[in-house]
Ligand code: SAM
């Protein structure tokens, strides 16, 4: 029998893929957690019915959320990742030579456990107990309240603004992020689809701009997410991603990110640029 799985994007739209088998299905205190093997995307992580990442295209999201901010900061040393329990973002962060420590604060231990077991390519740095990496199971919102003038770069690799992730999209959180960063620090957050989350993107952009003198929206093509185009927003105290000097020859191999793309990802179609006005 054919098995098809649909993520409901809106009330009237879904993304459907054909599934070979379900590898894991469970429930944590925070959400339902599933891993399925699909024909087009390979193994996929699904939280509360929402597609999070897949073996087929995960490199796009993880390279773009990690390398754009890390190549914007000239000397990133202390890094915090909020969420990102599949491990893909920290896998990219530890590749930067200047990085000394990466703290990852993920609320759901089951996501970490399941990713290590079923998505070893993505969770590689966690699996290897990478010496730069410290994984903490806890609430990123609470963690942010404790830090002051400490991090060079904060990466908010969160799920959708529902459930435990809601507070990660609030003004109060951005104020806490600002305080936790050093005077030249910067942060990035995944900010959803420019087609299906337009009021959210606009609200977040303006909230971040209230705290950070440099606020920039950038885009990446991500086949797993609604509409195939995904947005990220940077808030920076000093360094402008548009002025970053990214080496043409990167110190490591990437499959999506490169120095030209670092510039072009900030070029916005009018229908997206208007969200920042
Ligand atoms: N790439 C993904 C996307 O955009 O769909 C995000 C992946 S990552 C799996 C998101 C993680 O954020 C989830 O594992 C979720 O448990 C975690 N998360 C949600 N709220 C959180 C919070 N308040 N503190 C820390 N982690 C949180």
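The values are calculated or read from the model by the stated rules, or taken from the named source; none is laboratory data. Bear in mind the structure is a predicted one, so any value in this text is a computation, not a measurement. We place every Cβ from the backbone using ideal geometry, glycine too, and count neighbours over all the protein chains shown.
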Practice problem: Would you check if residue 78 is surrounded by fewer than 19 Cβ atoms within 10 Å (Cβ to Cβ), more than 19 Å from the chain's Cα centre (by Cα) and touching a residue at least 40 places away in the same chain (Cβ under 8 Å)? | Solution: no
Quiz prompt | Positions within the range 219-254 being touching a helix residue (DSSP H, G or I) at 6+ places or on another chain (Cβ under 6 Å), surrounded by 10 or more Cβ atoms within 10 Å (Cβ to Cβ) and farther than 20 Å from residue 201 by Cα, in sequence order | solution = 239, 244, 246, 254
Quiz item: Out of curiosity, is residue 120 free of Cβ contacts under 8 Å to residues at least 40 places away in the same chain, assigned by TED's automatic domain parsing to the domain that holds residue 252, within 20 Å of residue 54 (Cβ to Cβ) and surrounded by fewer than 17 Cβ atoms within 10 Å (Cβ to Cβ)?
Solution: yes
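Residues are listed down the side, and each one gets a yes or a no for (1) at pLDDT below 95; (2) more than 13 Å from the ligand (Cβ to nearest atom); (3) assigned to a helix (DSSP H, G or I):
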| position | (1), (2), (3) |
| --- | --- |
| 99 | no, yes, no |
| 102 | no, yes, no |
| 105 | no, no, no |
| 110 | no, no, yes |
| 115 | no, no, yes |
| 122 | no, no, no |
| 125 | no, yes, yes |
| 135 | no, no, no |
Quiz prompt | Members of the range 138-166 that are surrounded by fewer than 20 Cβ atoms within 10 Å (Cβ to Cβ) and within 12 Å of residue 103 (Cβ to Cβ) | solution = 138, 143, 146, 147, 150
Exercise. Would you point out the residue of the range 156-192, among those that are part of a loop (DSSP other than H, G, I, E, B) and touching a residue at least 40 places away in the same chain (Cβ under 8 Å), that is farthest from the chain's Cα centre (by Cα)?
Key: 162
Quiz item: Within the range 167-187, restricting attention to residues that are under 20 Å from residue 89 (Cα atoms) and within 12 Å of the ligand (Cβ to nearest atom), which residue is surrounded by the most Cβ atoms within 10 Å (Cβ to Cβ)?
Solution: 168
Quiz prompt | Top-ranked residue of the range 72-89 - restricted to ones that are farther than 19 Å from residue 141 by Cβ and part of a helix (DSSP H, G or I), ranked as nearest to the ligand (Cβ to nearest atom) | solution = 88
Exercise. Run residue 201 past the list (1) in a helix (DSSP H, G or I); (2) modelled with pLDDT of 95 or more; (3) within 13 Å of the ligand (Cβ to nearest atom); (4) surrounded by 15 or more Cβ atoms within 10 Å (Cβ to Cβ) and report the number of the one that doesn't hold.
Key: (3)
Self-check item: Complete set of residues in the range 142-156 that are within 10 Å of the ligand (Cβ to nearest atom) and closer than 20 Å to residue 69 by Cβ
Solution: 143, 144, 156
Quiz item: Restricting the first residue to the range 85-109 and requiring it to be within 17 Å of residue 153 (Cα to Cα), which pairs with a second residue that is within 8 Å of the ligand (Cβ to nearest atom) and in a loop (DSSP other than H, G, I, E, B) meet a Cβ separation below 7 Å and a spacing of at least six or different chains?
Solution: 90/84; 104/84; 105/138; 106/84; 106/85
